[in-house]
Amino acid sequence: MREFLKSTRFKVLMSFLAFLVGIMIYAVTKGGYSVSGVSFINTLTKPVRKVSNGISMRFERGLDKFRNADEYYEENQQLKSQLGEMNKKLTNYDALVAENEELKKFVSIKEEHEDYVLSVPCDVMGFVTNDPFHSFTIDKGSEDGILPNCPVVTAEGLVGITIEVSKHVSTVRTILSPDLSIAAVCSSSNADSGIIEGGVVPAEDNMTQLIHVSPSHKLKGGDLMITSGTSGMFPKDYPIGTVESIGYDSNGLSVTAKIKPCTDITRLTSVIVITDFSGKREDKE
């Protein structure tokens, strides 16, 4: 017995007991709570139990996914379907907004020109490949009342003329082309006139040109050129473009003006075709 009391094992035991007593005394003096040996052991084993619980929860979640895989798959498919429907509705909404804007332009043209017979708004299907003058196709044709040589416009200005027409598709030649000539006059003076006719050089800057200008002209930058209506092919007084600069042709003999179209031809998404107007009717009669 005397040897046990002197042994290292006894000293360790006594130290452990003293530690427990110290903990209990501290707990009583600080908060009035008793600390049992069980709670002490729980405190010591808390990190181990935390790791163990984490592993158990992850295992349980994995097992849950495995057991309910079919249910989760169905739920995922339903969510995908709902998302697809929402995206479809959003796309339809955007299309309706765009269509509404086009109809507003349609109405504005009709209000300003009651004698015009207009097509429904036509979507630009695409520009003709390798054409420097940006001719393009639209999604309306003879079934929609469109014929060759009908003026093509936007609410802002003249775009061009139809040249090839099938039942449901038409090709449009733009005012940037040298193959299209338009009699034009200055809106402010009604005196300075000429012929709008495109060219390779102006088309590089998405512009057209006014040729056969009188040497005694009074044109200046910013003047608006409009259709004169003398040819009967285009309605009278429709905006074409504004004067950007005035100079001479390559021979230096004739005055020309560079014209910026009222409508950006390269960014067209929709247009309207004038299928008839008062001047045309008179020509037919």
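Are there any pairs, at least 6 apart or on different chains, whose C-beta atoms fall under 7 Å, with the first in segment 64-88 and in a helix (DSSP H, G or I) and the second open to solvent by less than 100 Å² (accessible area, probe 1.4 Å) and at pLDDT below 70, and if so, which?
Matching pairs, first to second residue: K65/Y72.
Take the residues of segment 183-196 that are hydrophobic (A, V, I, L, M, F, W, C) and either modelled with pLDDT under 90 or over 19 Å from P151 (Cα atoms) (or both): which is surrounded by the fewest Cβ atoms within 10 Å (Cβ to Cβ)?
Start the filter on segment 183-196 by keeping residues that are hydrophobic (A, V, I, L, M, F, W, C), which leaves 183-186, 191, 195-196.
If we keep only those that are either modelled with pLDDT under 90 or over 19 Å from P151 (Cα atoms) (or both) too, we end up with 186, 191.
Working: C186: 22, A191: 12.
Among those that are hydrophobic (A, V, I, L, M, F, W, C) and either modelled with pLDDT under 90 or over 19 Å from P151 (Cα atoms) (or both), it is A191.
For residues in segment 197-224 being closer than 25 Å to P132 by Cα and acidic (D, E), which is most open to solvent (accessible area, probe 1.4 Å)?
Ranking the qualifying residues of segment 197-224, first place goes to E204.
Output the number of the condition that E114 fails; it satisfies all remaining conditions of (1) of a type outside the set (A, V, I, L, M); (2) in contact with a Pro (Cβ under 6 Å, 6 or more places away or on another chain); (3) open to solvent by 10 Å² or more (accessible area, probe 1.4 Å).
(2)
Every residue in segment 134-182 that is surrounded by fewer than 19 Cβ atoms within 10 Å (Cβ to Cβ) and under 15 Å from N206 (Cβ atoms), please.
Of everything in segment 134-182, those that are surrounded by fewer than 19 Cβ atoms within 10 Å (Cβ to Cβ) and under 15 Å from N206 (Cβ atoms) turn out to be E156, P178.
Within segment 230-254, how many residues are of a type outside the set (F, W, Y) and crowded, with 19+ Cβ neighbours inside 10 Å? Reasoning before the result, please.
Step one: filter segment 230-254 for residues of a type outside the set (F, W, Y), giving 230-233, 235-237, 239-247, 249-254.
Those still in the list that are crowded, with 19+ Cβ neighbours inside 10 Å too: 235, 239-241, 243.
Summing the residues that are of a type outside the set (F, W, Y) and crowded, with 19+ Cβ neighbours inside 10 Å in segment 230-254 gives 5.
Run T263 past the list (1) open to solvent by less than 30 Å² (accessible area, probe 1.4 Å); (2) among the hydroxyl-bearing types (S, T, Y); (3) not in a loop (DSSP other than H, G, I, E, B) and report the number of the one that doesn't hold.
(3)
The values are calculated or read from the model by the stated rules, or taken from the named source; none is laboratory data. Everything numeric in this text was worked out from a predicted model, so none of it was measured. Cβ: placed from backbone, ideal geometry, glycine included. Neighbour counts: every protein chain shown. Side chains included, ligands, DNA and RNA excluded: accessible areas come from the protein's heavy atoms. Shrake-Rupley method; radii C 1.70, N 1.55, O 1.52, S 1.80 Å.
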